1. Do the conditions hold for Gln326, that is, is it among the polar types (S, T, N, Q), touching a Leu at 6+ places or on another chain (Cβ under 6 Å) and modelled with pLDDT of 95 or more?
2. Among the listed residues Asp273, Asp233, Asp247, Asp261, identify the single one that is farther than 30 Å from Lys160 by Cβ and crowded, with 18+ Cβ neighbours inside 10 Å.
3. Looking at (1) part of a helix (DSSP H, G or I); (2) surrounded by 23 or more Cβ atoms within 10 Å (Cβ to Cβ); (3) of a type in the set (Lys, Arg), find the lone condition where Arg83 falls short.
4. Does Thr151 count as at pLDDT 95 or above and outside any helix (DSSP H, G or I)?
5. Which of the residues that make up the stretch 24-38 are crowded, with 18+ Cβ neighbours inside 10 Å and either modelled with pLDDT under 95 or assigned to a strand (DSSP E or B) (or both)?
6. Quick test of your reading of the structure: Ala115 fulfils all but one of (1) aliphatic (A, V, I, L, M); (2) in a strand (DSSP E or B); (3) in contact with a Leu (Cβ under 6 Å, 6 or more places away or on another chain). Name the failing condition by number.
7. Across the stretch 328-375, what is the total count of residues that are aliphatic (A, V, I, L, M) and part of a helix (DSSP H, G or I)?
8. For the subset of the stretch 342-361 comprising residues that are in contact with a helix residue (DSSP H, G or I) (Cβ under 9 Å, 6 or more places away or on another chain) and small (Gly, Ala, Ser), which member is surrounded by the most Cβ atoms within 10 Å (Cβ to Cβ)?
Amino acid sequence: MRQTAFLAVAVVLSVGASAAETAGRGLGLTVAEDGTLIKDGRPYRAIGVNYFNAFSRHLKDPKDTGYEEGFRALAEAGIPFARMMGCGFWPSEQKPYLENKDEFFRRFDDVVKSAEKHGVGLIPSLFWHIPTAPDLVGEPVSEWGNTQSKTHDYLRNYVKDVVTRYKDSPAIWGWEFGNEFNLGANLPNAAEHRPQVVPQLGTPKSRSEKDEWTYEIIRTAFAAFAAEVRKYDSYRAISTGDAFPRDGAWHNWKEKKWTKDTPEQFAEMLLGDNPDPVSIVSVHAYGDEGRRIRQAQPIAAKARKPLFVGEFGAPGPQEKGEAEFQSLLSAIEESHVPLAALWVYDFIGQKEWSVTATNERSYQLRAIGEANKRIRAALAAESAGK
């Protein structure tokens, strides 16, 4: 989610089925040693969507089962997977995990089962909003950098509970940490960009310099998350959920200046923000950032990590946004980006961005469905040519 915004056969499997029951069914995405993204034993490329609140809507209101129609429509449109927030956004929305875990996971189960039924893959992002976990345990945001903190205890518990519960589901394609944590790291004016204070939604009543964060802090958290996932799931792809590094990210970090980074510094920051054992390189692309997609793809490939354009898109009516959208889509397709996801499907919270099969941005859904057909044909031709 942009920082300026506030923020084909269906396989049915009961949640919690044993590994033996799912043997040979091809669970999710994995990364080969040479960096190739693999699904069902073959190289894979595809474009999906961000279904940001598919779970969180149901978490807040058990009567909201819009995800059922949503997954059905995505399957019909040829959209193979969705990145989604696998938690509540605010502390008050995630608190049911601590207070009534059975009910929390009953609602999570509903969403996963629906995705299974409709044959739509999921990439859940488990710690979407950077202050939520620290706020829940009464610590500042900077404790993401302390592996002995209560924040990391919470990380370990939540990862274990979620990953062990769903690791045998064909709906789960990969795991993701959060959303764009890198955009707030080492800002020269960090005091102006501390997390919001909304006590009625579970935040503390005030913030301090301890609620600012650095690249060292978030990279510690990314690596710890990936290592924890690997305890329970040995093969699925793991993403940080980061955006492209800011244009001056290296200089912000090293010099507290806004100087524009060199291509070499961009590459250093891009790879540094996706540390091992994170297995893919996450970026988000908007506006004229097709050029950065083309720049990042060979960097990721050289590092033997698939590139995941976890967000791309354009707001407004078709006559306003189509050129920008098509520019990004072309960069993704022409660069052979392994994985990308449109921002954003059926999200009333961002009316200018929300895409459905019937609204004024439905052309974007149709376009990525057609792109997926071309990508499948290209993969088939590449396989036949070997």
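The values are calculated or read from the model by the stated rules, or taken from the named source; none is laboratory data. Note that the structure is predicted; figures quoted are calculated from it, not measured. Neighbour counts run over all protein chains shown; Cβ positions are idealised from the backbone, glycine included.
1. Against the criterion (among the polar types (S, T, N, Q), touching a Leu at 6+ places or on another chain (Cβ under 6 Å) and modelled with pLDDT of 95 or more), Gln326 does not qualify.
2. Result of the check over Asp273, Asp233, Asp247, Asp261: Asp261.
3. So the condition that Arg83 fails would be (1).
4. Values: at pLDDT 95 or above: yes; outside any helix (DSSP H, G or I): no.
It is false that Thr151 is at pLDDT 95 or above and outside any helix (DSSP H, G or I).
5. Across the stretch 24-38, the qualifying residues are Leu27, Leu29, Thr30, Val31, Leu37, Ile38.
6. For Ala115, the exception is condition (2).
7. 10
8. Top of the filtered list is Ser354.
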